[in-house]
Amino acid sequence: MPADDIAIVGWGQTPSVASTDLTEPQLCLAAVNDALAMANIDRHAIGFTCSGSCDYLSGGPFVFISNLEAAGAWPPISESHVEMDGAWALYEAWVRIQHGDIDFALVYGSGKSSPSDPALLFPQQLDPYYLEPLGLDPASLMGMQARALLDSGTATERDFAAVAARSRRAGAANPKAQTLPNGAGESDLDIDALLAAPYVRAPLRAHDLAPAADGAAAVVLATPAKARELTDHPVFIRGIDHRLEPHQPGVRDLADSPSTRLAAQKAGLGANGGGVGVAELYATSSAQELILRAALGLGPDVSVNPSGGALCSDPVMATGLVRIIEAAQRVADGTTRRAVAHAVNGQVLQHNLVCVLEGER
Amino acid sequence: MTTEKGSASAADEPMVVDDFVALTYHDRLPPETVRFADGLIAGRIIGQRCPQCRRVYVGGKGFCAMCVVVMGPESEIDVADVGVVTGYTIITPVRYYGQTKTEPFVYASVLLDGASSVLGGQEITGIAIDAVREGLRVRAVWKPPEARNYEGHSTRGWGSLAGGIVGFEWTGEPDVPREQYKEFAV
Amino acid sequence: MTEQHDDRHVVTTTLEFPYRRSLGPVIGGFARALAEERIVGVRTQAGDVLVPPTEHDPRTGESVRDGFVDVGPAGEVQSWTWVSEPTERHPIRRPFAFALIRLDGADTALVHAVDAEAIEVMRTGLRVVPMWRAERTGRITDIECFVPAGLEG
Amino acid sequence: MSARPVAVIGVGQTHHKKARADVSMIGLVREAAERALADAGCDWADIDAVVLGKAPDAFEGVMQPELFLADALGGAGKPMLRVHTAGSVGGSTFIYGSHLVNAGIHERVLTVAWEKQSEGNAQWGLAGGRSGGIGAGGAFAPFIRKYIRDTDAPEYIGWMVAVKDRQNALKNPYAHLKIADISIEKVKESEMLWDPLRFLESCPSSDGACAMVVGSEAAAAAAPNPPAWVLGTAVRTELSTFPGRDATRPQAGVDCAHALYDSVGITNPREQIDVAELYVPFSWYEPMWLEGHDIAGPGEGWRMVDDGATEIEGSFPVNPSGGVLSSNPIGASGMLRMAEAALQVRGLAGEHQVEGAHVSLGQAYGGNAQYFSMAIFGSTQDAVR
């Protein structure tokens, strides 16, 4: 890929909460202002802005128009919007900044899951002929996916519980993660105790499933030259790519994620995890984390979801961007020299984005 | 939630089936809207003055979208319930599922005295529909205190006056010269 | 941000609308077959039988071949999950399974509900058969659900 | 790195109708895409990425419908992106697709925009499912009233635009509205919907899709038909309302036009542009955009209409395809402007071809007249003179 190594120089995220009474524009405003403050640039220096949100999640048409108020769209700005997670807004902005005529781009993603019941809303995201009329909900799809993984013989329910326990322990230490019932207490994270919990969608239990949250996240991108002017520790996007799979779950191997593997290859991740120290994966079930680890070739030495991941914090439409932020944070603070972030769009890993981040070479 | 009652048609005719969608949302009103709504019930119209540009927004959203600065309770002031029509149209309602309007109605923008932002979508009463015009001086028609409520508020847009005010009526005063509101027209 | 509020501060809106779906030749053909208690698929250029059928091969985008192929009605569970508390949108109101079902003669799997009475009955590889709704309208829910073969009563 | 040349190498659209009951949403988008691929001499496998655009999901009642449509457009194994920038979305979808080639990321990108309005109801969708919806006409009518007041335009200007675009549509085989006996009298006597807008001054509700294949210089060289070079693109957005906003001449539209003209070396748009496809869903937006994009001076836009300059044989033809007033599959309407502008400089516009068109303008707007996407197309890479 001929692309320049664009840098991430600022970010912000609101705490993920089960329900907030702030509006989505207010959430966006908080995240955007934090990102701009961290980058230490004025919003008028931004050459392109791109946001990600979803009308149906927020319950009205054109939610992105009110969210725009957080971007400071006066005087007029060069701007776009994707009806997707903010990670794809970042991708569009990354493409735009490649043109070489702007220095900075602003990206934000936001969503409020609290107004609706995801189990009742998300069937609407499926094809209206064969799947939506069944009221097929995300957790049921993830349950069938988890069963396919168990049947493949590569994972057990105990493995699922281990992912959940590790994520929740990590999430309890992350002030931006959602406060979950039995989240912090070590005793509640005993794997046998987790396995004793009832199934929600067998073979998945409540702790195996991401709790939908309200929140927003924002990122400032910069050209390499501007990034080096602003900071001694720029975080560069070494590669980014996204790939799609067919929509119908019955034509896919749900126990694998070939589109993640392909996106990683196109993003230049390299074999066997490409030497990353940290991976932030947008897995909405514990089983998905295992599928993604395998697709990315991550070994046991890679720290996966040190933020707690989506199992502790899933502000839908911002979660993918949060994964990129959490990975960038760990490159910036020296935890690792190289990290990978993953985002997903659609149900059961239909469409996957992989972003490889590194510090100065 | 989803029911279908489409009928199978002859093999050479296009097949069309019904798909009834009903989705329910419970939105918690933001603090600014709650204060604005309580203000209407108490007979007040609350505006928010931007600490930076000093513009006054009626139904403040908690921030000035032009300066992108937060406006909290300390920015709130009372705005008059009289103002001027800065633009309008007469809408012939289009029929669609859930539409209850059937007769043409005035859809006017009103700039209240002391405010910088216009209130869109207001009905004008006390004057014939074809006599409504830009520059008309109007005052709020309040609901009786016991009838005021939380009607019309949402988490989107500038808000709604519907909880306390049914519309605006002509004050009988002479029209306001265009120069005085031109900057805020429509 | 999570404190309790008084109910007046919560606005409830129901977005409700009767949409009309035009099905086109392929999904429409599947729908017409349902009315006759038949399940049909289509063949891709590569020869695979797609069920549920679409106008295109989902892997390549190529148009499928003309004509329909009868499949099933019995099939085999390829994967499944147990729904212990159904939602109001689900087709069955008591605990049931959602399953990926590969119908006999098909190369891809269809998602549907399996009314299996108990989770212990469910397993990958289970043979299932469709239960037809008496009044059929051309929707996937013309199949009320699938049941384990031999239990169709 | 600098941006590399990009060309439109394939264009396709559906026959637009009130209800395309004969096709599913899948069939609708494939109809446009297959025509674009055929024009580009491509197969699904030749496409590197798919970009989809449409207006609010509530129009068809499917959340993020691109998820089920992407594999119908050969998207499996490829990147897909869904753009939504209100009415301008068709334009911005095309522009993002062109940027993927510009930036050197892909060789050939399929961009598709669509709407199947017959599956739902646009008024309902625009109102967010609530009563009292005013529709787009209700939102724009006050702006039009202000334009008329500010420029002293005679009321027949709107009727003239309505007649011209419907006459042009008679030459376009894909257009939805075909009103053979359209006349000033007929427009004038049609029902007043949103004062001062009459029924026949308003766009229809259509089912339809538009697709464009954009490619690199190498892709253009390999294509069987002449390319349209994408000489420049620009997008601008402003807030939907704010104190002091001039909604009849939104600053975002002014800035967008000037950024575009500057990027391609246009100093006199009226002279240097041969034909324009402007997003005119209500008749009065033709003079408003002629002025709002500084093609005409203040108050000169309606005089261009009055003088016949914007007719297909005029000095500055606008919407020879019949425009949004004749076909309005909302999400696709902006891309249709880009596609029709591209067809003109390729010389492939058929009966509505403007003689000698070498430089064309495609424009779309959306939201509360606050989103703008614009592009300049050339028959050659140095067509602007």
I need every pair where a residue in segment C:14-35 that is closer than 27 Å to A:L121 by Cα and more than 7 Å from chain D (Cβ to nearest Cβ) has its Cβ under 6 Å from the Cβ of a residue that is assigned to a strand (DSSP E or B) and not hydrophobic (A, V, I, L, M, F, W, C), sequence separation at least 6 or different chains. C:T14/B:T24; C:P18/B:D18
Checking B:V118 against (1) touching a Leu at 6+ places or on another chain (Cβ under 7 Å); (2) more than 9 Å from every other protein chain (Cβ to nearest Cβ): exactly one of these is not met. Which one? (2)
Of everything in segment D:219-239, what is more than 28 Å from D:H176 (Cβ to Cβ) and either modelled with pLDDT under 95 or within 14 Å of chain A (Cβ to nearest Cβ) (or both)? Give them in sequence order. D:G232, D:A234, D:R236, D:T237, D:E238, D:L239
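One line per residue, one yes/no per condition, for (1) assigned to a loop (DSSP other than H, G, I, E, B); (2) closer than 23 Å to A:A343 by Cα; (3) of a type in the set (S, T, Y):
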position	(1), (2), (3)
A:Q26	no, no, no
A:A35	no, yes, no
A:H44	no, no, no
A:S51	no, yes, yes
A:P61	yes, no, no
A:F64	no, yes, no
A:H81	no, yes, no
A:W88	no, yes, no
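Quick check on this structure: which one of A:P123, A:P128, A:P133 is in a loop (DSSP other than H, G, I, E, B) and either of a type outside the set (A, V, I, L, M, F, W, C) or within 14 Å of chain C (Cβ to nearest Cβ) (or both)? Steps first, please.
Values: A:P123 fails: in a loop (DSSP other than H, G, I, E, B); A:P133 fails: in a loop (DSSP other than H, G, I, E, B).
Every option except A:P128 fails the conditions.
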D:I148 fails exactly one of (1) crowded, with 24+ Cβ neighbours inside 10 Å; (2) over 19 Å from D:P329 (Cα atoms), namely (1)
Enumeration of residues in segment D:240-258 that are of a type in the set (G, A, S) and at the interface with chain A (Cβ under 8 Å from one of its Cβ atoms): D:S240, D:A252
Residues of segment A:328-347 that turn out to be under 27 Å from A:D253 (Cα atoms) and either surrounded by fewer than 24 Cβ atoms within 10 Å (Cβ to Cβ) or without any contact (Cβ under 8 Å) to a residue 12 or more places away in the chain (or both), as a count: 2
Based on what the data block shows, is B:D130 among the acidic types (D, E), surrounded by fewer than 20 Cβ atoms within 10 Å (Cβ to Cβ), within 11 Å of chain D (Cβ to nearest Cβ) and closer than 30 Å to D:A122 by Cα? yes
Out of all the residues in segment A:249-287, which are surrounded by fewer than 21 Cβ atoms within 10 Å (Cβ to Cβ) and part of a loop (DSSP other than H, G, I, E, B)? A:D253, A:D256, A:G268, A:G270, A:G277
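Listed here are the residues, each with its yes/no results for (1) touching a Cys at 6+ places or on another chain (Cβ under 7 Å); (2) among the aliphatic types (A, V, I, L, M); (3) within 28 Å of A:E69 (Cβ to Cβ).
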| position | (1), (2), (3) |
| --- | --- |
| B:T92 | no, no, no |
| B:Y97 | no, no, no |
| B:A115 | no, yes, yes |
| B:R148 | no, no, no |
| B:G159 | no, no, yes |
| B:Y181 | no, no, yes |
| B:A185 | no, yes, yes |
From the list D:D294, D:D246, exactly one residue is in contact (Cβ under 8 Å) with a residue 24 or more places away in the chain and either in contact with a His (Cβ under 6 Å, 6 or more places away or on another chain) or among the acidic types (D, E) (or both). Which is it? D:D294
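Please verify whether segment C:138-145 includes one or more residues that are among the hydroxyl-bearing types (S, T, Y) and part of a loop (DSSP other than H, G, I, E, B). Even if it seems obvious, please write down each step before you answer.
First, pick out the residues of segment C:138-145 that are among the hydroxyl-bearing types (S, T, Y): C:141.
Within this subset, residues satisfying the condition of being part of a loop (DSSP other than H, G, I, E, B) are none.
No; the residues of segment C:138-145 include none that is among the hydroxyl-bearing types (S, T, Y) and part of a loop (DSSP other than H, G, I, E, B).
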Which residue pairs have Cβ atoms under 6 Å apart, sit 6 or more places apart or on different chains, and have a first residue in segment D:13-35 that is without any contact (Cβ under 8 Å) to a residue 40 or more places away in the chain and facing another protein chain (nearest Cβ under 8 Å) and a second that is aliphatic (A, V, I, L, M) and not in a helix (DSSP H, G or I)? D:S24/C:L23
From D:E66, D:E31, grab the single residue that is of a type in the set (D, E) and in contact with a Ser or Thr (Cβ under 6 Å, 6 or more places away or on another chain). D:E31
Selection count, segment A:63-89, where residues are among the hydrophobic types (A, V, I, L, M, F, W, C), touching a helix residue (DSSP H, G or I) at 6+ places or on another chain (Cβ under 7 Å) and either facing chain D (nearest Cβ under 10 Å) or under 26 Å from D:R249 (Cβ atoms) (or both): 4
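Determine which member of the set D:L290, D:L343 is more than 30 Å from A:E83 (Cβ to Cβ) and in contact with a helix residue (DSSP H, G or I) (Cβ under 9 Å, 6 or more places away or on another chain). If you could, list the steps in order and put the result at the bottom.
On the way: D:L343 fails: more than 30 Å from A:E83 (Cβ to Cβ).
Of the residues listed, the single one that is more than 30 Å from A:E83 (Cβ to Cβ) and in contact with a helix residue (DSSP H, G or I) (Cβ under 9 Å, 6 or more places away or on another chain) is D:L290.
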Considering only residues that are in a strand (DSSP E or B) and of a type in the set (D, E, K, R), look in segment B:54-102 and name the one that is farthest from D:R149 (Cα to Cα). B:E76
List pairs: first residue in segment D:63-75 and more than 7 Å from chain C (Cβ to nearest Cβ) and at negative phi, second residue of a type in the set (S, T, Y) and crowded, with 24+ Cβ neighbours inside 10 Å anywhere in the structure, Cβ distance under 6 angstrom, at least six positions apart or on different chains. D:M63/A:Y56
Could you check D:G215 against (1) of a type in the set (G, A, S); (2) out of contact with any Leu (no Cβ under 9 Å at 6 or more places or on another chain); (3) more than 30 Å from A:K266 (Cβ to Cβ) and say which number it fails? (3)
Which condition number does D:W302 fail, the rest of (1) within 18 Å of the chain's Cα centre (by Cα); (2) under 28 Å from D:S190 (Cβ atoms); (3) hydrophobic (A, V, I, L, M, F, W, C) being met? (1)
Which listed residue is away from chain A (no Cβ under 13 Å) and either modelled with pLDDT of 95 or more or surrounded by 16 or more Cβ atoms within 10 Å (Cβ to Cβ) (or both), from D:S202, D:S216: D:S202
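Restricting to segment D:266-279, what's the tally of residues that are assigned to a strand (DSSP E or B) and over 19 Å from the mean Cα position of the chain (by Cα)? If you could, list the steps in order and put the result at the bottom.
First, pick out the residues of segment D:266-279 that are assigned to a strand (DSSP E or B): D:275-277.
Still in the list and also over 19 Å from the mean Cα position of the chain (by Cα): none.
Selection size over segment D:266-279: 0.
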Search segment C:98-151 for residues being among the aromatic types (F, W, Y) and within 13 Å of chain A (Cβ to nearest Cβ), and hand back the single one that is surrounded by the fewest Cβ atoms within 10 Å (Cβ to Cβ). C:F98
Take the residues of segment D:76-99 that are without any contact (Cβ under 8 Å) to a residue 60 or more places away in the chain, under 21 Å from D:A219 (Cα atoms) and away from chain C (no Cβ under 14 Å): which is nearest to the chain's Cα centre (by Cα)? D:Y96
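Counting residues that are within 27 Å of A:P258 (Cα to Cα) and in contact with a Gly (Cβ under 7 Å, 6 or more places away or on another chain), which strands (runs of 3 or more DSSP E) fully inside segment D:1-119 reach at least 1?
Values: elements: D:7-13, D:49-53, D:80-83, D:108-116.
In segment D:1-119, the matching strands (runs of 3 or more DSSP E) lie at D:49-53, D:80-83, D:108-116.
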Of the residues that sit in segment D:1-30 and are modelled with pLDDT of 95 or more, surrounded by fewer than 22 Cβ atoms within 10 Å (Cβ to Cβ) and not aliphatic (A, V, I, L, M), which one is farthest from D:G322 (Cα to Cα)? D:P5
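The values are calculated or read from the model by the stated rules, or taken from the named source; none is laboratory data. Small disclaimer: the values here were computed from a predicted structure and weren't measured. Cβ: placed from backbone, ideal geometry, glycine included. Neighbour counts: every protein chain shown.
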